[in-house]
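Q: There's a structure below that I have some questions on.
The values are calculated or read from the model by the stated rules, or taken from the named source; none is laboratory data. The shown structure was predicted, so the numbers you read here are calculated from the model rather than taken from an experiment. All Cβ positions, even for glycine, are placed from backbone atoms using ideal geometry, and neighbour counts span all protein chains on display. Ligands, DNA and RNA are excluded from the accessible area calculation, which covers all protein heavy atoms including side chains. Shrake-Rupley method; radii C 1.70, N 1.55, O 1.52, S 1.80 Å.
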Amino acid sequence: MVGIGARLNKIFQKQSITTGMFGVLYGSCLTVAPMVLVIGVLLLLEYLLGFDSLDYYTRELFSCTILYIFIFSLLTASPFNSVLSKYMQDAIFEERYQDILPCYYFGLVLNLTLTCLLGIPFCLWEHFMGGVPVAYVFTGFCGYISLTLVFYSMLYLSICKDYGRISLFFLVGMLISFILALVLYFLAGWETTRAMLLAMTVGFFLIAVLEYGSVRRYFVENSSRFLPVLKYFGRYWHLVAINFLYTLGLYIHNFVFWTTDMRMVVANSFVCNQPYDMASCLAMFTNISATVIFIARVEMYFHERYKAYSEAVIGRKLADIQSTKRKMFREIANQLLDLARLQFIISVVVYLLFVVILPRFGFAGLTMRIYPCLAAGYFILFQMYAEILFLYYFKDMWGAVFTAAGFCLVTFLGSLIAAHLPDIWFGIGVVAGAFAGWCVGYMRLRWVERHMEYQTFCQGQLIAWGRGVRPSNLVYTREAETQA
C-alpha cells in the first residue's frame, strides 16, 4: 500500500483539479478496478447473450454459482494470507529471497487443501441431491479453484508493489473470457450459462497462470525450507484470527439472512437471499473509495510521522521522543477524521446517484429499502479497518484480534435481531457490529498511546526463553569489588 501511496502523494502534491481527478482514477484502477472489471464483463455478457430470456431456475443457478465462487474463495484464503504476507515481508527485509518460493508453495498447498475440503463435498451434494449436470458442477468447481489461486497469488504481487500488473492481468483474463463466451454462444451454439461459466473459469485460470509467472520471474531461487513457514503460523496465530474474523464478519450477516423466510434454495444446494445480497453489494461499492482515500492520505502521511518517531527513539533526546510521539498520534486522529469526512461526502453523492438511477434498471423495492442501513454500516466498517491497520503498525495483535472479533460477533448477534425487524432495519446488525469494532479499535489505539514507552523499550529479552535451571539473579557482590 505504501507503494501506491507514494505515487499518489506525488500526484496530489500538484494540487490541481486535473491531477486530483487523475489521482483518484489511478488509485481506483490499481485497487478496485479488477473486481469492477469482472462485474462489468458479467453484466455485459448477460446483456449480449440474452440472459434475461432464460428461465428463472437457470438464471438463479448461474448467479448463485458465481456468488459462492467469490465468497468462499475469499473465506478459504483469509486464514493464511496475513501470516504468509508477514513471512514474505520479513524474508525480503532480511534479503532471504530464496525462502519466498517455499513460502509460496507451502501456502498454496494449505489454501488448496482447505478449498477442496469445502468444495468437493458441496459439489457432490450439488450433483447427487440437486441434480445439476456433472459438466456444469465440474466447471463451477474449477472456477472456484482458479479464483482461489488468483486471490492467493495477488498477495505476493501486492507485496512486490506490482499493482499495475495485477490490473493488467485481470484486463487480459476478462477480455479472453468475453471473447470466449461470444464464440461458444454464437459459433459453437452453447447454452448461455454454460458458455458464460466456462468462459469465466478460463479467464480466472489465465489470470492465475499469469500471476504465477510473475511470481517466478521475481523469485528464482528455491531453498526448499518449509519448516520456518510452518513455525510462523504458530508464532503469529493472531494474524490468522484477525484476517479470518474480519473476512467472516463481512459475510456473516448475509449468512444469517440466508436462514430466514426470505431465503431462496436453488438445486437443493445453493442458499441465498437475493434482495439482501444485492443491497450488500451496492453498500460495499458505495463506500469502496475509502480504500483509495486511506492509501493516498492516511497511510502515506502517517508513515512519515511513524518514521520520525522511530528515528527519534534510535538516538535523540527524551523531549524529541515525546514530541514525535504526540505528533504521530495526533496525525492518526487527524487522518481518521479526514477519512471520515471525505468518505462521507463521496458516499452521500454515490448514494443519491444509486437511489435516482438504479430504480430505472430494475433495482427497486425491497433491495432499495434494505440498502440505506447497509450503506451506513459499510461506511463505519471501512473506518474500523483503518484502525486495524494502525494497530498493525504498533504490533498490537491482541488489540486487532479484539477489534475483529468484536466486529464479527456483534454483527452476527445484531443480524439475528435485525432479521425480526422491519426490512428497512435489516442492515442494523452491520451498523452495530462495525460501530462496536470501531470503538474497540479506537480504545486500543488510545491504550497503545498511553503505553507506547513500554511497547517501544520493554519488549526485548536479555536472556532467551528456554527450559532448564533458572540462572541466578545475583549480578554483583562486594567480594568481587574487593578482589578487583
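Q: Where the centre of each part is set by its Cα atoms, how far does segment 126-185 sit from segment 200-263, in angstrom?
A: Cα centres, segment 126-185 to segment 200-263: 15 Å.
Q: Kindly write out, for segment 237-242 in residue order, the coupling ³J(HN,Hα) from the Karplus curve 6.51 cos²θ - 1.76 cosθ + 1.60 (θ = phi - 60°), rounded to whole Hz, with x marking Gly and Pro.
A: 5, 4, 5, 4, 5, 4
Q: May I ask you to list the trypsin sites (Lys or Arg not before Pro) in segment 349-440 that are in a DSSP loop and have at most 13 other Cβ atoms within 10 Å of their Cβ? Can you show the working numbers first?
A: Numbers: sites: Arg360, Arg369, Lys395; in loops: Lys395.
The qualifying sites are Lys395.
Q: Another question, then. Treating only the Cβ of Lys, Arg, Asp and Glu as charged (+1, +1, -1, -1), what charge dipole size does segment 184-277 show about its Cα centre? Round to the nearest 20 debye. Mind showing how you got there, number by number?
A: Details: 7 positive and 5 negative charges, 98 e Å.
So the dipole magnitude of segment 184-277 works out to roughly 460 debye.
Q: Please give the net charge around Ser223, taking every other residue with its beta carbon less than 10 angstrom from that of Ser223, where Lys and Arg add +1 and Asp and Glu add -1.
A: Values: positive: Arg96, Arg225; negative: Asp99, Glu221.
Within the 10 Å Cβ shell, the charges total 0.
Q: Using the Karplus curve 6.51 cos²θ - 1.76 cosθ + 1.60 with θ = phi - 60°, what ³J(HN,Hα) values do you get for each residue of segment 36-46, in whole Hz, with x for Gly and Pro?
A: Rounded to whole hertz, the list is 4, 5, 4, 5, x, 5, 4, 5, 5, 5, 4.
Q: While we're looking at this one, here's another question. Please give the helix 300-315 orientation as an angle from the longest Cα principal axis of the chain, in degrees from 0 to 90, rounded to the nearest 10.
A: Rounded to the nearest ten degrees, it is 20.
Q: Here is a further query. With the other protein chains left in place, how much accessible area per residue, in square angstrom, belongs to segment 188-263 at a 1.4 angstrom probe?
A: Details: 3620 Å² over 76 residues.
Per residue, segment 188-263 has an accessible area of 48 Å².
Q: Another one. Relative to the first principal axis of the alpha-carbon coordinates of the chain, what is the inclination of helix 428-450, with its axis defined by its Cα atoms, in degrees from 0 to 90 and to the nearest 10?
A: It is inclined by approximately 20 degrees.
Q: Calculate, for segment 317-440, the solvent-accessible area per residue in square angstrom, rolling a 1.4 angstrom probe over the heavy atoms of the protein chains.
A: Values: 5860 Å² over 124 residues.
Computed with neighbouring chains in place, this is 47 Å² per residue.
Q: Find, among the chymotrypsin sites (Phe, Trp or Tyr not before Pro) in segment 211-242, those assigned to loop by DSSP (not H, G, I, E, B) with at most 14 other beta-carbon atoms within 10 angstrom. Don't skip to the answer; put the middle values down first.
A: Numbers: sites: Tyr212, Tyr218, Phe219, Phe226, Tyr232, Phe233, Tyr236, Trp237; in loops: Phe219, Phe226, Tyr236.
For chymotrypsin sites (Phe, Trp or Tyr not before Pro) across segment 211-242 that sit outside H, G, I, E and B with at most 14 neighbouring Cβ atoms in 10 Å, the list reads Phe226.
Q: Of all trypsin sites (Lys or Arg not before Pro) in segment 196-242, which ones are in loop regions per DSSP and have a Cβ with at most 16 other Cβ atoms within 10 Å?
A: Details: sites: Arg216, Arg217, Arg225, Lys231, Arg235; in loops: Arg225.
When the trypsin sites (Lys or Arg not before Pro) of segment 196-242 are filtered for loop state and at most 16 Cβ neighbours within 10 Å, Arg225 remain.
Q: Further, regarding this structure: Whole-Hz ³J(HN,Hα) for each residue in segment 166-182, computed from phi via Karplus 6.51 cos²θ - 1.76 cosθ + 1.60 with θ = phi - 60°, x for glycine and proline: what do you get?
A: Each residue of segment 166-182 in turn: 4, 4, 5, 5, 5, 4, 5, x, 6, 5, 5, 4, 4, 5, 5, 4, 5 Hz.
Q: Given a 1.4 Å probe and every protein chain left where it sits, what share in percent of the accessible area of the chain is carbon and sulfur?
A: On the way: 16780 of 24710 Å².
About 68 percent, which is the carbon plus sulfur part of the accessible surface.
Q: What distance in nm separates the simple spin-label points at Lys231 and Leu67, each placed 7 Å from Cα in the Cβ direction?
A: About 4.6 nm, to one decimal.
Q: So, one more: Ranked highest first by average number of other Cβ atoms within 10 Å, how do 136-147, 50-61 line up?
A: Values: 136-147: 21.2, 50-61: 13.4.
Result, highest mean first: 136-147, 50-61.
Q: While we're looking at this one, here's another question. Given +1 on the Cβ of Lys and Arg, -1 on the Cβ of Asp and Glu, and no further charges, what dipole in debye does the chain carry about its Cα centre, rounded to the nearest 20? All intermediate terms of the calculation are to be shown ahead of the outcome.
A: Working: 34 positive and 28 negative charges, 269 e Å.
Here the chain has a charge dipole of around 1300 debye.
Q: Set Lys and Arg Cβ to +1 and Asp and Glu Cβ to -1, take the dipole of the chain about its Cα centre, and tell me which of Leu421, Cys373, Trp438 lies farthest positive.
A: So the residue furthest toward the plus end is Trp438.
Q: Next up: Helix 100-128: angle to the longest alpha-carbon principal axis of the chain, degrees 0 to 90, nearest 10?
A: 30
Q: Below 15 angstrom from the Cβ of Ala405, what's the summed charge of the other residues (Lys, Arg +1; Asp, Glu -1)? Before the final figure, lay out each step's value.
A: Details: positive: Arg444; negative: Glu387, Asp396.
After counting each charged neighbour, the total is -1.
Q: To continue, here is another question. Which label marks the calculated value of log10 I(q)/I(0) by the Debye sum over Cα atoms at q = 0.06, 0.08, 0.11, 0.14 Å⁻¹, given the options (i) -0.58, -0.78, -1.04, -1.30; (ii) -0.32, -0.55, -1.03, -1.67; (iii) -0.26, -0.47, -0.92, -1.47?
A: Of the labelled values, this structure produces (ii).
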